[in-house]
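Let me begin by handing over the structure; questions about it come next.
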Amino acid sequence: MFDVIMAGGGPTGFMLAAELRMRGMRVLVVERDTEPTKVVRGLGLHVRSIEIMDQRGLLDRFLEEGQRYPLGSMFAGIAKPPPEDLDTSHPYILGIPQTSTERLLIEHAEGLDVEVRRGRALVDLEQDEEGVTAVLDDGSRLRSRYLVGCDGGRSTVRKLLGIDFPGEPAESEWLLTEARLTMPVEEVMAMVTRVRETDLRFGAGPVRDGVFRIVVPAERVAEDRSVPPTLEELREALRATTGTDFGVHSPQWMSRFGDATRLAERYRVGRVLLAGDAAHVHPPLGGQGLNLGIQDAFNLGWRLAAELQGWAPEGLLDGYGSERRPVAETVLDSTRAQGVLMAQDAGSKAVRRLVSDLMDLEEANRLLVERITAIGVRYDVGEGHDLLGRRLRDVELEQGRLFELMRGGRGLLVDGTGRLSVKGWQDRVDLVTDTTGALDVPAVLLRPDGHVVWVGEDQEGLSALLPRWFGATA
Ligand SMILES: Cc1cc2nc3c(=O)[nH]c(=O)nc-3n(C[C@H](O)[C@H](O)[C@H](O)COP(=O)(O)OP(=O)(O)OC[C@H]3O[C@@H](n4cnc5c(N)ncnc54)[C@H](O)[C@@H]3O)c2cc1C
């Protein structure tokens, strides 16, 4: 019997598996594909995901393989510098192909001894009081106490649970490839610039030695998007949009994607939950889907582990859906808005100019940057101090950096008073005393995902709050 089975081994599935395994859970990732995909969908990590990698000690590896770019131009491609005092010690975008992110997450999970079964798809599931039975396409039946559908936008798990996926269907489709071109690079780039003056849906640029990444609108929405386009279809699409096919040849891979925007009605049915694209899909504007999935996993991992370890207070597991669904809703809206702002009709262009002017106002710019980077996420953990519900940025404390001190994945009380205690919860909550004044507040209690749930200085208030997040004393 596994503790948790992840159906789907994309970035969300492996991130979640690692979050559970580091807490001692016995987990299995079931992945339909025999090998990790070569298709490079996402191109980068935003601030909150970068911070999460730091909180897991993985950031150095990501930095080695990625490239830092300045923040800005993230919202509908409107170029504005970010606010100077952004609340993070990682104020950049990390450009890194999704294939590299996935490989690093797989290595992280495998380093923790996560079990993986490749080349097997989940085709059915049943659940009862004790657990879930996952049925795979070879007829094998596996038992686990919980199962999480991390199986992407066309999630089998979501369909088997009968969870509605309302929203807008794809109206447009794009072809995506990395391929070689016979046209000289200067001519290609001049053409790209010219076409993008009137059509922001098209893009092409060199990625490595003679290989270009190309995104081009398709003529129509394919019936089955899992079937990759042919080279001839790609050439036709290029000719239709730009007047030339650039002499495209030798594609490394080809893929297609659409602009469907949908959000699962619920994130949980009994012992089965959804995370990542299985719970939300939207166009890639602003580059947020993979980030959202990683952050879903970071929110869910400790809750599910707490449930399995038997100390989760009532409602802790359901808090995953009630916190993460509204975050996804905001991201969906952001991509809807960006879609309008990138359209070429006179009305949309006028709104784009207006939004661009508004972004010159620091607070408007800050709101958009904090949303896309996800550092503005504020969960409803109750009224009070401004920090409540937000994740705390990394701070240098007497005993080390905050994010380093959180690598064990437990709760953390940072006590600037030197008087507070977590006695009774030491197995779930660490205590760091820091009287250097590094914090602007007397003391904060952080959940394992780094979000602030208490700010104060009195033991009574702290002791009253601890059970809400960390259960009864041991
Ligand atoms: C062109 C493009 C550009 C993008 N750019 C960005 C970006 O810059 N930044 C960003 O954050 N996001 C971006 N995204 C979105 C990002 O690619 C997705 O949000 C991300 O891959 C979601 O991860 P996931 O693990 O939830 O799902 P997926 O990556 O879809 O993984 C799901 C996995 O489940 C497996 N699976 C499916 N069904 C089953 C089954 N029945 N049993 C077992 N396994 C199954 C699949 O084989 C797959 O490996 C982009 C997307 C596109 C299309």
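The values are calculated or read from the model by the stated rules, or taken from the named source; none is laboratory data. Note that the coordinates shown come from a computational prediction; the quantities given were computed from them, not determined experimentally. With ideal geometry, Cβ positions are generated from the backbone for all residues, glycine too; neighbour counts draw on all protein chains shown. Side chains included, ligands, DNA and RNA excluded: accessible areas come from the protein's heavy atoms. Shrake-Rupley method; radii C 1.70, N 1.55, O 1.52, S 1.80 Å.
Taking 0.36 nm per intervening residue step and subtracting the Cα-Cα distance, what contour gain separates residue 89 from residue 358 on full extension?
94.3 nm
Considering the convex hull of the alpha carbon atoms of segment 396-470, report its projected area averaged over all viewing directions, in nm², one decimal.
4.3 nm²
Of all DSSP beta bridges located in segment 396-470, what percent are antiparallel, nearest 5?
Within segment 396-470, antiparallel bridges account for around 65 percent of the total.
For segment 173-258, what's the radius of gyration and Dmax over Cα atoms, in angstrom?
In Å, with Rg to one decimal and Dmax whole: 11.9, 36.
Now for a different question. Note down the magnitude of the dipole of the chain about its Cα centre, charges +1 on Lys and Arg C-beta and -1 on Asp and Glu C-beta and zero elsewhere, to the nearest 20 debye. Could the numbers behind the result be given before it?
On the way: 57 positive and 75 negative charges, 129 e Å.
Dipole about the Cα centre, nearest 20: 620 debye.
Of all DSSP beta bridges in the chain, what percent run antiparallel (nearest 5)?
Within the chain, antiparallel bridges account for around 70 percent of the total.
Hey, what does the equivalent ellipsoid look like for segment 92-217, semi-axes from the Cα gyration tensor as sqrt of 5 times each eigenvalue, largest first, whole Å?
In descending order, the three semi-axes are 41, 20, 13 Å.
Which FRET efficiency value, to the nearest 0.05, is calculated for residue 107 and residue 401 with the Förster distance at 35 angstrom and r the Cβ-Cβ distance?
0.90
Using the per-residue mean of other Cβ atoms lying within 10 Å as a proxy for protection, in what order, highest first, do the peptides 85-91, 151-157 fall? Present the calculation step by step, with values, prior to reporting the outcome.
Numbers: 85-91: 17.3, 151-157: 21.4.
Top to bottom by mean Cβ count within 10 Å: 151-157, 85-91.
Hey, another quick one. Apply the Karplus parameterisation 6.51 cos²θ - 1.76 cosθ + 1.60, with θ equal to phi minus 60°, to every residue of segment 432-437 and state each ³J(HN,Hα) to the nearest whole Hz, in sequence, with x for glycine and proline.
Each residue's phi maps through the Karplus curve to give 10, 9, 9, 9, 7, x Hz.
Normalised radius of gyration for segment 1-148, please: alpha carbon Rg relative to 2.2 N^0.38 Å, two decimal places.
Working: Rg = 18.0 Å, N = 148, 2.2 N^0.38 = 14.7 Å.
Ratio of Rg to 2.2 N^0.38 Å for segment 1-148: 1.23.
Give a residue-ordered list of calculated ³J(HN,Hα) values for segment 66-78 (Karplus: 6.51 cos²θ - 1.76 cosθ + 1.60, θ = phi - 60°; whole Hz; x for Gly, Pro).
These are the phi-based 3J(HN,Hα) values: x, 9, 7, 10, x, 5, x, 6, 8, 8, 6, x, 7 Hz.
Here's another thing I want to ask about it. Angle, helix 289-309 long axis vs. longest principal axis of the chain, Cα atoms, 0 to 90°, nearest 10?
Computed tilt is about 30 degrees.
Still on this structure, please answer the following. Would you mind getting the accessible area per residue of the chain, heavy atoms of the protein chains only, 1.4 Å probe, in Å²?
Using a 1.4 Å probe on heavy atoms only, each residue of the chain averages 43 Å².
Additional query: Please report the net charge: other residues with Cβ closer than 12 Å to the Cβ of residue 277, K and R +1, D and E -1.
+2
To continue, here is another question. Mean residue ellipticity at 222 nm from the helices of the chain, using -39,500 (n - 2.57) per DSSP H segment of n ≥ 4 over the full residue count, to the nearest 500 deg cm²/dmol?
-10500 deg cm²/dmol
Applying the Karplus parametrisation 6.51 cos²θ - 1.76 cosθ + 1.60 with θ = phi - 60° to the phi angles of segment 463-473, what ³J(HN,Hα) value in whole Hz is obtained for each residue in order, glycine and proline being reported as x?
Result, rounded to whole Hz: 5, 6, 8, 3, x, 4, 9, 10, x, 6, 4.
Between beta-carbons, use under 12 Å as the cut-off and find the net charge around residue 35, counting Lys and Arg +1, Asp and Glu -1.
Residues close to residue 35 contribute a combined charge of +1.
Quick one: net charge around residue 457, please, counting Lys, Arg +1 and Asp, Glu -1 for every other residue with C-beta under 12 Å from its C-beta.
Residues near residue 457 contribute -2 overall.
Another question, if that's okay. Could you tell me which residue out of 375, 389, 121 lies farthest along the dipole of the chain toward its positive end? Charges go on the beta carbon: Lys and Arg +1, Asp and Glu -1, centred on the Cα centre.
121
Still on this model: Give me the orientation-averaged projected area of the Cα convex hull of segment 323-370, in nm², one decimal. Please report the intermediate quantities before stating the final value.
Details: hull surface 14.2 nm².
The directionally averaged projection comes out at 3.6 nm².
Can you tell me the Rg and Dmax of segment 183-338, counting just the alpha carbons, in angstroms?
20.6, 63
Show me the trypsin sites (Lys or Arg not before Pro) within segment 1-84 that DSSP assigns to loop and that have at most 13 other Cβ atoms within 10 Å of their Cβ.
Loop-located and lightly packed - 38.
Take the Cα atoms of segment 334-433, build their convex hull, and give its volume per residue in Å³.
About 159 Å³ per residue, rounded to a whole number.
Which residues make up the longest stretch of the chain that has no GluC sites (Glu not before Pro) in a DSSP loop with at most 16 other Cβ atoms within 10 Å?
That would be 1-83.
Out of the total accessible area of segment 396-470 (probe 1.4 Å, heavy atoms of protein only), what percent is carbon and sulfur?
46 percent
Magnitude of the Cβ-charge dipole of segment 50-155, K/R +1 and D/E -1, about the Cα centre, nearest 20 debye?
Result for segment 50-155 is approximately 340 debye, rounded to the nearest 20.
I've got another one for you. Relative contact order of the chain, please, whole-number percent, based on alpha carbon pairs below 8 angstrom and at least 6 residues apart. Walk me through the intermediate numbers first.
Numbers: 906 pairs, mean separation 79.2, N = 474.
Contact order relative to length: 17 percent.
Just the number, please: carbon plus sulfur as a percent of the accessible area of segment 173-258, 1.4 Å probe, no ligands or DNA/RNA counted. Numbers along the way, then the final one.
Numbers: 2230 of 4390 Å².
The nonpolar share, carbon plus sulfur, comes to 51 percent.
Over segment 173-258, what relative contact order in percent results from Cα pairs under 8 Å that are six or more residues apart?
47 percent
Quick check of the Kirkwood formula: for the chain, what is the inverse mean of 1/r over all pairs of different Cα atoms, in Å?
Answer for the chain: a Kirkwood hydrodynamic radius of 23.6 Å.
Of all alpha-carbon pairs in segment 241-287, indicate the percentage at a distance above 12 angstrom.
It works out to 76 percent of all Cα pairs.
Using only C-alpha atoms and all pairs of different ones, pull out the Kirkwood radius for segment 295-383 in Å with one decimal.
One over the average 1/r among Cα pairs gives 15.6 Å for segment 295-383.
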